[in-house]
Amino acid sequence: MPETRFVDVRRFESIDSTNRYLLDEARAGAPEGVVAVADHQTAGRGRLGRTWEAPAGANLLLSVLLRPLLAPEARHLSTTAVALAAVDAIAAVVIGAAGVGVEVGIKWPNDLVASDGRKLAGVLAEADLASSGSRGLPDPVVVGIGINVNWPAVDEDLSPELRGAAVSLRQLAGGSVDRETLLEHMLLALEPRVSALSTPEGRTLLGDDLRRQCTTIGTRVRVDLPDGSFVGTAVAVTDDGHLTVDVDGVPRTVVAGDVVHVRPGS
Ligand code: BT5
């Protein structure tokens, strides 16, 4: 097994949130590379106070503590690095019934989606600016990902709000998927993706791979911001990971941290 920086893997049968746990560890000076994995979260969180649902023992719920050398305006690339690592790991592990890999894309800013748009995983990056510069270490960012591995088994497992909107690897592959194998491959795939964050060449590669995987580019989108919405065509993702939307011929740059929702636009 090749060496990675992700050797300190802390496992929890039940915890409120693996992101919360690692943010506290970061505040106490924990180094880059600490991983938290939970069988169950009692307060799994999404962006902007939303919740992440997953029953005990079925899915991959994991966070990593990173301290990349990343300018604040490029911070979204840490979400990209983890999303791309998940795409890599799924490609390595999950083979569908027809003997071919399942098709997974990245919906900007932070979702992994199936080819029909249903959400397979969500990524949440949280930076704690209060602990900036603590003990001379680069600023921490905790990136969590929830991947629907074996839940839902069938659409009826989902709450009415998620029905038709969420999907699992099990459903896409037509059979159960081993969480432990997926975790192993996820940590392997994270190593080069996280290294890439700290060099200009690496960031260019992350941007290129994001553009290749991004299902949002070329689609009509409605972008909901805290103070209003607009509709346009998503035309590009910048090297810093921002979305460029063409609004009646005028390009508008959308920063991931500002976005409430990006939905199909009419
Ligand atoms: C996300 O937020 O998609 C980020 C989710 C990150 C979860 C991981 S699990 C490990 C780590 N520890 C944590 O506490 N969190 C991270 P957002 O884009 O805001 O999407 C949240 C929305 O996705 C919810 O409001 C639901 O509509 C939907 N959702 C919730 N659970 C889902 C699931 N299992 N599958 C698909 N969609 C789901």
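The values are calculated or read from the model by the stated rules, or taken from the named source; none is laboratory data. Everything numeric here is computed off the predicted structure, so don't read it as measured data. Positions of Cβ are backbone-derived with ideal geometry, glycine not excepted, and every protein chain shown enters the neighbour counts. For the accessible areas, the whole protein counts, side chains as well, though only heavy atoms, and no ligand, DNA or RNA atoms are used. Shrake-Rupley method; radii C 1.70, N 1.55, O 1.52, S 1.80 Å.
The figures follow:
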read-out	value
Val221 in contact (Cβ under 8 Å) with a residue 24 or more places away in the chain, open to solvent by less than 40 Å² (accessible area, probe 1.4 Å) and of a type in the set (A, V, I, L, M, F, W, C)	yes
Among (1) assigned by TED's automatic domain parsing to the domain that holds Arg50; (2) open to solvent by 20 Å² or more (accessible area, probe 1.4 Å); (3) not in a helix (DSSP H, G or I) - the single one Thr253 does not satisfy	(1)
Selected residue (only one of Gly46, Gly101 is at pLDDT below 95 and surrounded by 14 or more Cβ atoms within 10 Å (Cβ to Cβ))	Gly101
Residues of segment 191-215 that turn out to be polar (S, T, N, Q) and under 19 Å from Asp88 (Cα atoms), as a count	4
Condition met for Val7 (open to solvent by 20 Å² or more (accessible area, probe 1.4 Å) and more than 9 Å from the ligand (Cβ to nearest atom))	yes
Residue in segment 37-51 that is away from the ligand (no atom under 13 Å from the Cβ) and without any contact (Cβ under 8 Å) to a residue 24 or more places away in the chain present	no
Neighbours by Cβ (under 8 Å, 6+ apart or cross-chain): first from segment 83-99, assigned by TED's automatic domain parsing to the domain that holds Val64; second open to solvent by 60 Å² or more (accessible area, probe 1.4 Å) and modelled with pLDDT under 95	Gly96/Gly174; Ala97/Gly174
Selection within segment 34-57 - within 18 Å of the chain's Cα centre (by Cα), within 15 Å of Arg11 (Cα to Cα) and among the hydrophobic types (A, V, I, L, M, F, W, C)	Val34, Val35, Ala36, Val37, Ala38
Qualifying residue in segment 49-64 (condition: among the polar types (S, T, N, Q), open to solvent by 30 Å² or more (accessible area, probe 1.4 Å) and in the same structural domain as Met186 (by TED's automatic domain parsing))	yes
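Here is a yes/no grid of residues against (1) of a type in the set (A, V, I, L, M, F, W, C); (2) assigned by TED's automatic domain parsing to the domain that holds Val104:
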{"position": "Leu190", "(1), (2)": "yes, yes"}
{"position": "Ser195", "(1), (2)": "no, yes"}
{"position": "Gly202", "(1), (2)": "no, yes"}
{"position": "Leu206", "(1), (2)": "yes, yes"}
{"position": "Asp227", "(1), (2)": "no, no"}
{"position": "Phe230", "(1), (2)": "yes, no"}
{"position": "Val235", "(1), (2)": "yes, no"}
{"position": "Thr238", "(1), (2)": "no, no"}
{"position": "Val247", "(1), (2)": "yes, no"}
